[in-house]
1. For the stretch 270-288, which residues satisfy the criterion of being touching a Ser or Thr at 6+ places or on another chain (Cβ under 9 Å) and not in a loop (DSSP other than H, G, I, E, B)?
2. Please pick out the residue among Glu416, Glu391, Glu429 that is part of a strand (DSSP E or B), touching a Lys or Arg at 6+ places or on another chain (Cβ under 6 Å) and without any contact (Cβ under 8 Å) to a residue 12 or more places away in the chain.
3. Check whether at least one residue in the stretch 77-85 is in a strand (DSSP E or B), touching a residue at least 24 places away in the same chain (Cβ under 8 Å) and surrounded by fewer than 16 Cβ atoms within 10 Å (Cβ to Cβ), and report yes or no.
4. Tell me whether the stretch 435-455 contains one or more residues that are touching a Leu at 6+ places or on another chain (Cβ under 7 Å), hydroxyl-bearing (Ser, Thr, Tyr) and either assigned to a strand (DSSP E or B) or not assigned by TED's automatic domain parsing to the domain that holds Cys485 (or both).
5. Would you mention how many residues in the stretch 243-299 are of a type in the set (D, E, K, R), within 15 Å of the chain's Cα centre (by Cα) and more than 15 Å from Arg220 (Cβ to Cβ)?
6. Looking at Gly478, Gly457, Gly412, which one is over 22 Å from the mean Cα position of the chain (by Cα) and under 24 Å from Tyr323 (Cα atoms)?
7. Can you tell me how many residues in the stretch 421-458 are among the small types (Gly, Ala, Ser) and modelled with pLDDT of 95 or more?
8. Any chance the stretch 254-269 includes a residue that's within 20 Å of Gly36 (Cβ to Cβ) and either in a loop (DSSP other than H, G, I, E, B) or in the same structural domain as Thr477 (by TED's automatic domain parsing) (or both)?
Amino acid sequence: MKRFLTLSVIFALTVCCGRPSEVVVGPELPNPILPGFHPDPSIVAVGDDCYIVNSSFQYFPGVPIYHSRDLAHWEQVGNVLDRPSQLPLQEATSWLGIYAPTIRYDNGIYYMITTNVGNGGNFMVTATNPAGPWSEPVYLEQQGIDPSLYFEGDKCYMVSNPDGVITLCEIDPATGKTLSPSKPIWTGTGGRYPEGPHIYRKGGWYYLLISEGGTELPHRLTVARSKHIYGPYKSNPANPILTHCSQAGQDNIIQGTGHGDMFQRPDGSWWIVFLAYRRYGGDFHHLGRETFIAPVTWENGWPVVNGGKPIKENKPEGVSKRYLWDTIGPEWMHLQHPQKENYALAEGKLILTGNGDGFDWGNWHPTALLRRQEGADASICTSVKLSSDGEAGLALYQIFCGFATLSVRRTGAKVEAVVRFKVRSIDKEEAVIPLPTAEATLEIREAGEMYSFLVNGQSIASLESPLLSSEVVGGFTGVTWGPYCKEGVACFGPLEYEHNENRIQ
């Protein structure tokens, strides 16, 4: 019994062929370097150690932090915001919560500054070890999203974009107190949403890097410079320094390039990390905005990204991981704050207790462990056993109006496997299969832009992945998936996660 949920929009696609010459960063570097939902990257290099942070929106814990010494292999060492006191998320959705963070280092201290949209605005935390613990928040007076820090001597400057204008002030990094009036310094080149500002110093110039165009197809990076930190800033005549909304980049699988952060390695080389998304099934992206990397050179006193060429996809190595539930790693997340009493680990089992919340609007605390889907050829599989009446299984989540669940549902002696799809106004149970017991092996698998939902090895329903894209259901995040329990008590066995996009031709 295999069914397909479709929308006519999915078939109204324009197929483009022929791609321009593209430059690969290098055979040793994948691109993206952080696949899946890893938007708004910021990076700091301290010697050979590099650390990246990303936006996390309504997820808890917030602001994942990754470490690498070779730029190719990245390990998540924790989450910056891992305590509810650091991260209020009341009624946050994928439109709200933690927007673009910036990470910086000065005099033995790491700083992370960001915006909690809907719950407090701009704030900063500090640590002496990037893996944590990080301090309690210090809230800041200057608002606007995407705040960044620049240290010079004994001064600390903050830049953000209140009222859509890049604005600078000096602050006390210990207290967050504003020490100088906020001064507008640049409005960009005329693109909408000038945001994501970062300041750098090189060769006697202050460089101001920003994003424009919105985090969609017209996304781009532009840069200006000045001899004085407060300006006036002169726009680079070659702006934008990165965009795929161009003749050269329009046919690329990678789109929406922007929101970057430059850094210098000990060997003197310059690089940039930035967000972009990969299109699947036409002009759709469901994995979220991902983190990419490119080399930066300097010509006539201006930064040039990737030799001025489009960024080429260099698929990451495949990953296969088995979770034995002896601990819960930093890659696992909750929608808003978890109700801790509903989660337990016992003898290699994950035990979840439902509280009645699912994934629809207004269900703020579903009992669920979710991790990012990091490839378009991927799968997640586990066994589940209900010990009481209820519903539990695997969730495939993008936003409250774009998700799917594969579950075992038990009501007295009646037990069935159920696939539920929620795609905007479409809300239906696509498959209801009787089961002999309240225990089953469940798997969600994506291959060829199609999700398959399997029970005990049998595919019972399918869903086209573009239906969970930002273009269809909205939101600023990407697909996450994992075990959940809506009602009753459920016991989950070891979980297998795999992605290997090199199988996609």
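The values are calculated or read from the model by the stated rules, or taken from the named source; none is laboratory data. Source: prediction; values computed, not measured. When we count neighbours, we look across all protein chains shown, and the Cβ atoms used for this are built from the backbone with ideal geometry, even at glycine.
1. Trp270, Val273, Phe274, Leu275, Ala276, Tyr277, Tyr280, Phe284
2. Working: Glu416 fails: without any contact (Cβ under 8 Å) to a residue 12 or more places away in the chain; Glu391 fails: without any contact (Cβ under 8 Å) to a residue 12 or more places away in the chain.
The conditions single out Glu429.
3. Pass one, the stretch 77-85, residues in a strand (DSSP E or B): 77-81.
Filter once more, keeping what is touching a residue at least 24 places away in the same chain (Cβ under 8 Å): 77-81.
Those left that are additionally surrounded by fewer than 16 Cβ atoms within 10 Å (Cβ to Cβ): 77.
Looking through the stretch 77-85, at least one residue is in a strand (DSSP E or B), touching a residue at least 24 places away in the same chain (Cβ under 8 Å) and surrounded by fewer than 16 Cβ atoms within 10 Å (Cβ to Cβ).
4. Scanning the stretch 435-455 turns up at least one residue that is touching a Leu at 6+ places or on another chain (Cβ under 7 Å), hydroxyl-bearing (Ser, Thr, Tyr) and either assigned to a strand (DSSP E or B) or not assigned by TED's automatic domain parsing to the domain that holds Cys485 (or both).
5. Here is the first cut: in the stretch 243-299, the residues of a type in the set (D, E, K, R) are 251, 261, 265, 267, 278-279, 283, 289-290, 299.
When the remaining residues are screened for being within 15 Å of the chain's Cα centre (by Cα), the result is 278, 289-290.
Restricting the remaining residues to those that are more than 15 Å from Arg220 (Cβ to Cβ) gives 278, 290.
So the answer is 2.
6. Details: Gly478 fails: over 22 Å from the mean Cα position of the chain (by Cα); Gly412 fails: under 24 Å from Tyr323 (Cα atoms).
Going through Gly478, Gly457, Gly412 in turn, the sole match is Gly457.
7. Here is the first cut: in the stretch 421-458, the ones among the small types (Gly, Ala, Ser) are 425, 431, 438, 440, 447-448, 452, 457.
With modelled with pLDDT of 95 or more added as a condition, the list becomes 425, 438, 440, 452, 457.
Going through the stretch 421-458 one residue at a time, the tally reaches 5.
8. Restricting attention to the stretch 254-269, the residues satisfying the condition of being within 20 Å of Gly36 (Cβ to Cβ) are 254-261.
Retained after the next criterion (residues that are either in a loop (DSSP other than H, G, I, E, B) or in the same structural domain as Thr477 (by TED's automatic domain parsing) (or both)): none.
No, because not a single residue in the stretch 254-269 is within 20 Å of Gly36 (Cβ to Cβ) and either in a loop (DSSP other than H, G, I, E, B) or in the same structural domain as Thr477 (by TED's automatic domain parsing) (or both).
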